[in-house]
1. Would you say G27 is modelled with pLDDT of 95 or more and closer than 15 Å to N77 by Cα?
2. Please work out which residue is surrounded by the most Cβ atoms within 10 Å (Cβ to Cβ), limiting yourself to region 31-90 and to residues that are closer than 15 Å to S16 by Cβ and of a type in the set (V, I, T).
3. What tally of residues in region 30-52 results from selecting those that are touching a Ser or Thr at 6+ places or on another chain (Cβ under 9 Å) and over 16 Å from R72 (Cα atoms)?
4. Could you list, in sequence order, all residues of region 1-26 that are surrounded by 13 or more Cβ atoms within 10 Å (Cβ to Cβ) and in a helix (DSSP H, G or I)?
5. Within region 39-48, can one find any residue that is part of a loop (DSSP other than H, G, I, E, B), without any contact (Cβ under 8 Å) to a residue 40 or more places away in the chain and β-branched (V, I, T)?
6. Out of S56, S36, I need the residue that is farther than 13 Å from V7 by Cα and in contact with a strand residue (DSSP E or B) (Cβ under 6 Å, 6 or more places away or on another chain). Which one?
7. When you look at V34, is it assigned to a strand (DSSP E or B), modelled with pLDDT of 95 or more and of a type outside the set (D, E), yes or no?
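The values are calculated or read from the model by the stated rules, or taken from the named source; none is laboratory data. None of the values given here were measured: they were computed from a predicted structure. Neighbour counts are summed over all protein chains in view; Cβ atoms, including those assigned to glycine, are modelled from backbone coordinates with ideal geometry.
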Amino acid sequence: MGKKLFVGSLAWATDSAGLQAAFERFGAIEEATVISDRETGRSRGFGFVTFVEESSVQQAISEMDGSQLDDRPIVVNEAKEQAPRGGGGGGGGYRGGGNDGGGRRERW
């Protein structure tokens, strides 16, 4: 088990400081971050908490999963590493034709 938790279903009003305050009773926190939209700056409704000690993780999951934070029930589980995204594959919104100069390209 790792040291990082995923925390989902956050209220829009929950910020990184509030997230840290909710979890610090389980042990020292290295980082607590609510993820925000790049364009609007608004919370995306989830975040991550990274503990200094791995031993804090299981207790935090068992006590906080389904509990209320800012009047909203939250989801708490171990964060999983995201699989690398594949490159290429039609960037620009075009399909067909390939890059050999022949064939028709359709915009979708």
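1. Values: modelled with pLDDT of 95 or more: yes; closer than 15 Å to N77 by Cα: no.
Here the answer is no, as G27 does not meet what is asked.
2. The residue in question is V49.
3. Here is the first cut: in region 30-52, the residues touching a Ser or Thr at 6+ places or on another chain (Cβ under 9 Å) are 30-37, 42-50.
Add one more test, that the residue is over 16 Å from R72 (Cα atoms), and what stays is 30-33, 35-37, 42, 48-50.
Residues that pass the stated criteria total 11.
4. Once the filter is applied, which keeps residues that are surrounded by 13 or more Cβ atoms within 10 Å (Cβ to Cβ) and in a helix (DSSP H, G or I), region 1-26 yields S16, G18, L19, Q20, A21, A22, F23, E24, F26.
5. Going residue by residue through region 39-48, those that are part of a loop (DSSP other than H, G, I, E, B) are 39-42.
Restricting the remaining residues to those that are without any contact (Cβ under 8 Å) to a residue 40 or more places away in the chain gives 39-42.
Add one more test, that the residue is β-branched (V, I, T), and what stays is 40.
Looking through region 39-48, at least one residue is part of a loop (DSSP other than H, G, I, E, B), without any contact (Cβ under 8 Å) to a residue 40 or more places away in the chain and β-branched (V, I, T).
6. On the way: S56 fails: in contact with a strand residue (DSSP E or B) (Cβ under 6 Å, 6 or more places away or on another chain).
None of the others qualify; the one that does is S36.
7. Numbers: assigned to a strand (DSSP E or B): yes; modelled with pLDDT of 95 or more: yes; of a type outside the set (D, E): yes.
Against the criterion (assigned to a strand (DSSP E or B), modelled with pLDDT of 95 or more and of a type outside the set (D, E)), V34 qualifies.
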